[in-house]
1. As an exercise: evaluate Phe31 against (1) under 21 Å from Trp104 (Cα atoms); (2) part of a strand (DSSP E or B); (3) modelled with pLDDT of 60 or more and give the number of the one condition it does not meet.
2. What's the number of the only condition in (1) under 30 Å from Ser59 (Cα atoms); (2) out of contact with any Gly (no Cβ under 8 Å at 6 or more places or on another chain); (3) among the aliphatic types (A, V, I, L, M); (4) outside any loop (DSSP other than H, G, I, E, B) that Leu120 fails to meet?
3. May I ask you to say which residue of Ala68, Ala85, Ala78 is under 16 Å from the mean Cα position of the chain (by Cα) and surrounded by 11 or more Cβ atoms within 10 Å (Cβ to Cβ)?
4. Can we say Val134 is without any contact (Cβ under 8 Å) to a residue 60 or more places away in the chain and within 15 Å of the chain's Cα centre (by Cα)?
Amino acid sequence: MPSKLGVFLMPGASRAGSKSCPTAPILRRFFSSKRWYIQPSERGVKTFDGTRLLRIKESKEHSDVVVATGHDIPDRNAAEALKGARIFVARSSFPSTADDEYYWVDLIGLQVLNREGVVLGTVHELLSTGPQTVLVVQDTSVDPAVERMIPFVSVFVDRVDLAAKCITVDWQPDY
């Protein structure tokens with residue numbers, strides 16, 4: 001399944017370019033793929049239905065946004081019609097990660113347990129707080145469900161095992 005990486009903000013300065021705002025912190029993912037999948041905005045006017053393939057001619061980073069030119073965007077009006085559209089890229093298009101580097105999409109859904117083996121929940125989402133990333137862990141085994149926010153830093157995260165689908169942390173249920 002493709003991973004959501006951003007949304008179209010507005011037409012760029014060039015006649016057929018578009019500015020997009022990445023929702024993922026590592027912009028290089030945009031540059032790794034020349035094939036973006038787009039879906040209509042979740043809010044506002046929908047100018048198309050379903051999922052469309054957008055073949056990217058060129059993309060570059062500019063002031064914390066990605067400016068891209070698509071083969072199928074002939075003019076500024078076509079770029080304007082994409083405003084708010086969600087951008088997805090196939091996971092297979094992502095570059096390889098270094099040791100101890102993970103894509104957020106690979107962490108969502110992993111079980112989180114502490115050093116004592118107590119299950120704290122499942123990674124529901126990740127938040128970028130500036131200096132660090134935070135795991136948002138939901139524990140639905142209790143009623144009402146509990147949400148924990150655990151900094152994704154080596155002080156608290158002991159191990160990420162993608163194959164076993166779990167993250168071991170130095171964290172207690174009552175934190």
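1. Unmet for Phe31, out of (1) under 21 Å from Trp104 (Cα atoms); (2) part of a strand (DSSP E or B); (3) modelled with pLDDT of 60 or more: (2).
2. Leu120 satisfies all of (1) under 30 Å from Ser59 (Cα atoms); (2) out of contact with any Gly (no Cβ under 8 Å at 6 or more places or on another chain); (3) among the aliphatic types (A, V, I, L, M); (4) outside any loop (DSSP other than H, G, I, E, B) except (1).
3. Numbers: Ala68 fails: under 16 Å from the mean Cα position of the chain (by Cα); Ala78 fails: under 16 Å from the mean Cα position of the chain (by Cα).
So the residue among Ala68, Ala85, Ala78 that is under 16 Å from the mean Cα position of the chain (by Cα) and surrounded by 11 or more Cβ atoms within 10 Å (Cβ to Cβ) is Ala85.
4. Numbers: without any contact (Cβ under 8 Å) to a residue 60 or more places away in the chain: yes; within 15 Å of the chain's Cα centre (by Cα): yes.
For Val134, the condition - without any contact (Cβ under 8 Å) to a residue 60 or more places away in the chain and within 15 Å of the chain's Cα centre (by Cα) - is met.
Residue by residue, here is whether (1) touching a residue at least 12 places away in the same chain (Cβ under 8 Å); (2) in contact with a Ser or Thr (Cβ under 9 Å, 6 or more places away or on another chain); (3) within 26 Å of Val66 (Cα to Cα) holds:
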| position | (1), (2), (3) |
| --- | --- |
| Ala85 | yes, yes, yes |
| Phe88 | yes, yes, yes |
| Trp104 | yes, yes, yes |
| Thr129 | no, no, yes |
| Val146 | yes, yes, no |
| Ile150 | yes, no, no |
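The values are calculated or read from the model by the stated rules, or taken from the named source; none is laboratory data. Everything numeric in this text was worked out from a predicted model, so none of it was measured. All Cβ positions, even for glycine, are placed from backbone atoms using ideal geometry, and neighbour counts span all protein chains on display.
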